[in-house]
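K.L.:
One structure, pasted below without further comment.
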Amino acid sequence: MESKKSEAIILRTRDFGESDLIVTAFSNHYGNIKGIAKGARRSSKRFVNSLNIFSLVNLAFKEKSNRELAWIDSCDLVDGYPGIRSSYTVLSNASYIVEITEILFPANIQNIELFNLLKFALGALSDKQDPEKILIIFQAQAMRIGGFGINLSKCSICGRSYKGKGRALFDPSAGSLTCMSCGKETSLMPGLNPDSVHFLEMIQSPEIPLTDKLNLKEDVIVELKEALRLHVEHHLGRRLKSSKYV
């Protein structure tokens, strides 16, 4: 088996046997990795304090083509993001972020852009930045990276361009805006004011630097939180388990 090393973020773990752990991690070089860490539940120099969920680590592992699980040789902690465990709200947001990551990018699909986004989001949550703002940025960017960016340029029904003036509707089934002449505001087709559309356009851009310094008005947070929830659920085809806690 070939030995591999990569920076990775621990997404989840579960007990296996008397002393082992099954570990799922998202790595910058190899995507989503699932492997077995032998003896990880006992005191061991290879895994001390490094396999807690949400932790940023340097992971050494081996893979064999005919095996579902990789063999995790060692794991060194880079950042445990301790602030994530400071409140139930922050922990719930981190869990939601991890769930989106796992669904968008299953085993062995590499995406360095998503890895960097995940690292930014968990770091910002740990640093006690506004969890709702971080979640909005993560959802918009992650869905774009996964091929589900929202079309903000024109109405999905009549094709009229959106000029950034006046209220518009968000249609989750189309992943696009709809003008007020072609629909009406409902719980399944929420309205967006021009500031919300502008901010969403900005945070969907691949050129935007990852930062938690963006100013976000309360009404924009409320509108984008609901629109992005509907967008994620429609295009991922399910209601996320962690969404009821967010």
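K.L.:
I'm trying to understand the selection: among the residues of segment 161-180, which are more than 19 Å from L230 (Cα to Cα) and touching a residue at least 24 places away in the same chain (Cβ under 8 Å)?
P.N.:
If the condition is that a residue be more than 19 Å from L230 (Cα to Cα) and touching a residue at least 24 places away in the same chain (Cβ under 8 Å), then Y162, G164, K165, G166 are the ones that fit.
K.L.:
Quick one: which residue in L59, L77 is in contact (Cβ under 8 Å) with a residue 40 or more places away in the chain, farther than 20 Å from E233 by Cβ, part of a strand (DSSP E or B) and touching a Ser or Thr at 6+ places or on another chain (Cβ under 6 Å)?
P.N.:
L59
K.L.:
Okay, next question. With respect to R239, is the statement that it is in the same structural domain as G123 (by TED's automatic domain parsing) and surrounded by fewer than 16 Cβ atoms within 10 Å (Cβ to Cβ) true?
P.N.:
Yes: the conditions hold for R239.
K.L.:
For segment 1-28, give me each residue that is polar (S, T, N, Q), assigned to a strand (DSSP E or B) and surrounded by fewer than 16 Cβ atoms within 10 Å (Cβ to Cβ).
P.N.:
S3
K.L.:
Could you figure out which of (1) in contact with an Asp or Glu (Cβ under 6 Å, 6 or more places away or on another chain); (2) under 24 Å from S161 (Cβ atoms) isn't true of I221?
P.N.:
(2)
K.L.:
Please tell me if L69 is buried (at least 20 other Cβ atoms within 10 Å of the Cβ) and under 29 Å from L240 (Cα atoms).
P.N.:
Taking the combined requirement at face value, the residue does not satisfy it.
K.L.:
Being basic (K, R), closer than 25 Å to A121 by Cα and either modelled with pLDDT of 90 or more or touching a Leu at 6+ places or on another chain (Cβ under 9 Å) (or both) is true for just one of K34, K4, K62, K38. Which residue is that?
P.N.:
K34
Yes or no, residue by residue, for (1) without any contact (Cβ under 8 Å) to a residue 24 or more places away in the chain; (2) under 12 Å from the mean Cα position of the chain (by Cα); (3) assigned to a loop (DSSP other than H, G, I, E, B):
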{"site": "Q110", "(1), (2), (3)": "no, no, yes"}
{"site": "A124", "(1), (2), (3)": "no, no, no"}
{"site": "I134", "(1), (2), (3)": "no, yes, no"}
{"site": "L152", "(1), (2), (3)": "no, no, no"}
{"site": "G159", "(1), (2), (3)": "yes, no, yes"}
{"site": "E185", "(1), (2), (3)": "yes, no, yes"}
{"site": "F199", "(1), (2), (3)": "no, no, no"}
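K.L.:
List every residue pair whose Cβ atoms lie under 9 Å apart, where the two residues are 6 or more positions apart in sequence or sit on different chains, the first residue falls within segment 214-241 and is part of a loop (DSSP other than H, G, I, E, B), and the second residue, located anywhere, is of a type in the set (F, W, Y).
P.N.:
Listed pairs, sorted by first residue: L214/F199; L216/F199; K217/F199; L240/Y96.
K.L.:
Can you confirm whether segment 194-203 contains a residue that is closer than 22 Å to G123 by Cβ, assigned by TED's automatic domain parsing to the domain that holds I145 and of a type outside the set (V, I, T)?
P.N.:
Yes; the residues of segment 194-203 include at least one that is closer than 22 Å to G123 by Cβ, assigned by TED's automatic domain parsing to the domain that holds I145 and of a type outside the set (V, I, T).
K.L.:
How about segment 29-42: which of its residues are of a type in the set (G, A, S) and not in a strand (DSSP E or B)?
P.N.:
Residues satisfying the conditions are G39, A40.
K.L.:
Go through A121, A142, A107 for me and flag whichever is within 27 Å of V23 (Cα to Cα), surrounded by fewer than 19 Cβ atoms within 10 Å (Cβ to Cβ) and of a type in the set (A, V, I, L, M).
P.N.:
After applying the criteria, what remains is A107.
K.L.:
Somewhere in segment 167-178, is a residue part of a strand (DSSP E or B), acidic (D, E) and not assigned by TED's automatic domain parsing to the domain that holds G31?
P.N.:
The answer is yes, given that some residue of segment 167-178 is part of a strand (DSSP E or B), acidic (D, E) and not assigned by TED's automatic domain parsing to the domain that holds G31.
The values are calculated or read from the model by the stated rules, or taken from the named source; none is laboratory data. What you see is a predicted model; the values in this text were computed from it and never measured. For neighbour counting, all protein chains shown are included, and Cβ atoms are generated from backbone atoms with ideal geometry for every residue, glycine included.
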